[in-house]
């Protein structure tokens with residue numbers, strides 16, 4: 001616990017819950033995201049409630065030209081960065097995202113921007129020879145479905161990217177965890193039709209930290225989504241293409 005945990009997209013509900021779970025275990029936290037005022041309030045709250053060191057920085061995954069100066073600054077934190085949690089995401093409207101410019105936004109925020117910042121994080125942790133990376137993808141990335149295939153494609157791409165990083169970084173003792181949530185009670189999913197078996201952010205955050213500490217590779221959360229998606233992945237394509245999912 002000598003280093004810092006950097007949370008990218010720290011204002012999301014899952015990121016906040018994950019921050020709480022790390023803070024309860026004494027980790028130092030650096031919160032990064034777009035809303036600097038909100039991050040400052042959250043950092044202050046964590047510092048007071050858990051008696052830990054915190055900081056906050058402005059970060060926008062979509063603005064890739066800012067990634068290098070941002071990461072050059074945060075890696076100078078005393079003790080260095082021990083782990084990175086990527087909680088950046090944008091669901092968008094499934095119908096609008098079929099076409100530009102919404103399609104580009106969904107792909108940029110959910111895959112291109114995250115891959116770009118994680119490339120910097122991976123180089124740093126590889127040189128440090130230790131630490132962890134957590135990427136929050138989605139069960140939507142396990143198979144393309146007409147209801148959200150652009151979002152699913154981006155999250156599926158992120159999962160493959162994390163898989164490659166895991167393979168690359170294993171010799172350097174850097175753990176890479178792919179988190180695949182199902183439906184979680186967040187602002188992003190509020191009001192969406194057809195939700196079922198919805199998990200709380202607190203449950204997901206605790207599961208993430210436990211998986212980091214046990215150096216897991218992939219988790220579905222809640223756990224039963226592993227078996228739901230196993231069934232969906234194994235439906236023959238001749239049948240699957242006729243389903244309305």
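Here are a few things to note about the model shown:
- Residue within segment 163-175 that is crowded, with 16+ Cβ neighbours inside 10 Å, in a strand (DSSP E or B) and modelled with pLDDT under 95 present: no
Yes or no, residue by residue, for (1) within 18 Å of the chain's Cα centre (by Cα); (2) more than 18 Å from residue 217 (Cβ to Cβ):
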site	(1), (2)
61	yes, yes
143	no, yes
159	yes, no
165	yes, no
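- Failed item, numbered, when residue 123 is tested on (1) surrounded by fewer than 22 Cβ atoms within 10 Å (Cβ to Cβ); (2) in contact (Cβ under 8 Å) with a residue 60 or more places away in the chain; (3) under 19 Å from residue 66 (Cα atoms): (2)
- Per the conditions (1) under 18 Å from residue 211 (Cβ atoms); (2) modelled with pLDDT under 95, the sole criterion not satisfied by residue 2 is (1).
- Unique match (being modelled with pLDDT of 95 or more and within 18 Å of the chain's Cα centre (by Cα)) among 74, 85: 85
- Of 75, 68, all but one fail to be out of contact with any strand residue (DSSP E or B) (no Cβ under 9 Å at 6 or more places or on another chain), touching a residue at least 12 places away in the same chain (Cβ under 8 Å) and farther than 26 Å from residue 184 by Cα; the exception is 68.
- Which numbered condition residue 21 fails, given (1) in contact (Cβ under 8 Å) with a residue 24 or more places away in the chain; (2) touching a strand residue (DSSP E or B) at 6+ places or on another chain (Cβ under 8 Å); (3) surrounded by fewer than 23 Cβ atoms within 10 Å (Cβ to Cβ); (4) assigned to a helix (DSSP H, G or I): (2)
- Residue match in segment 4-11 (condition: touching a helix residue (DSSP H, G or I) at 6+ places or on another chain (Cβ under 6 Å), at positive phi and in a loop (DSSP other than H, G, I, E, B)): yes
- Residue 33 being crowded, with 16+ Cβ neighbours inside 10 Å, at pLDDT 95 or above and touching a strand residue (DSSP E or B) at 6+ places or on another chain (Cβ under 7 Å): no
- Hey, residue 178 crowded, with 22+ Cβ neighbours inside 10 Å, at pLDDT 95 or above and either over 14 Å from the mean Cα position of the chain (by Cα) or within 14 Å of residue 110 (Cβ to Cβ) (or both) or not: yes
- Residues that are part of a loop (DSSP other than H, G, I, E, B) and either free of Cβ contacts under 8 Å to residues at least 24 places away in the same chain or under 14 Å from residue 56 (Cα atoms) (or both) within segment 24-34 comprise just one, 34.
The values are calculated or read from the model by the stated rules, or taken from the named source; none is laboratory data. This one's a predicted model, so the numbers in the text were calculated from it and none came from an experiment. Counting neighbours? That spans all protein chains shown, and the Cβs are built from the backbone with ideal geometry, glycine included.
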